[in-house]
Amino acid sequence: MRERKNRDRMFIATKVGFEYPGVERGLRAKQIEIVLAWMVQSDPPVIPLVAASTAEQMRENLDALEIELSAEQMARLNNASA
């Protein structure tokens with residue numbers, strides 16, 4: 001059961017990532033940063049478990065906490081996850 005939930009979460013994150021070009025405008029953020037920001041700003045919030053193999057990847061993960069998505073951006077990402 002746990003494996004299926006993890007697979008479903010990855011599928012949703014992938015679908016949300018496809019909305020990146022439309023949401024990214026003006027944010028100057030990488031796709032993973034936007035997906036992580038969306039997860040944290042969701043209602044209810046999702047606390048992502050992140051991993052990094054380099055210090056740069058860890059910085060990118062932490063930079064997601066600084067991103068403020070607008071209501072329109074959140075709506076686009078929420079619709080993509082549905």
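The values are calculated or read from the model by the stated rules, or taken from the named source; none is laboratory data. The shown structure was predicted, so the numbers you read here are calculated from the model rather than taken from an experiment. Don't worry about glycine lacking a Cβ; one is built from the backbone with ideal geometry, like all the others, and counts go over all protein chains shown.
Structure values in brief
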{"item": "Yes/no for VAL35 being closer than 17 Å to SER81 by Cβ and either touching a residue at least 12 places away in the same chain (Cβ under 8 Å) or not in a helix (DSSP H, G or I) (or both)", "result": "yes"}
{"item": "Scope the stretch 51-82; condition in a loop (DSSP other than H, G, I, E, B) and loosely packed, with under 14 Cβ neighbours inside 10 Å; matching residues", "result": "ALA51, ALA52, SER53, THR54, GLU68, SER70, ALA82"}
{"item": "Breaking point among (1) modelled with pLDDT of 65 or more; (2) out of contact with any Asp or Glu (no Cβ under 6 Å at 6 or more places or on another chain), for ILE12", "result": "(1)"}
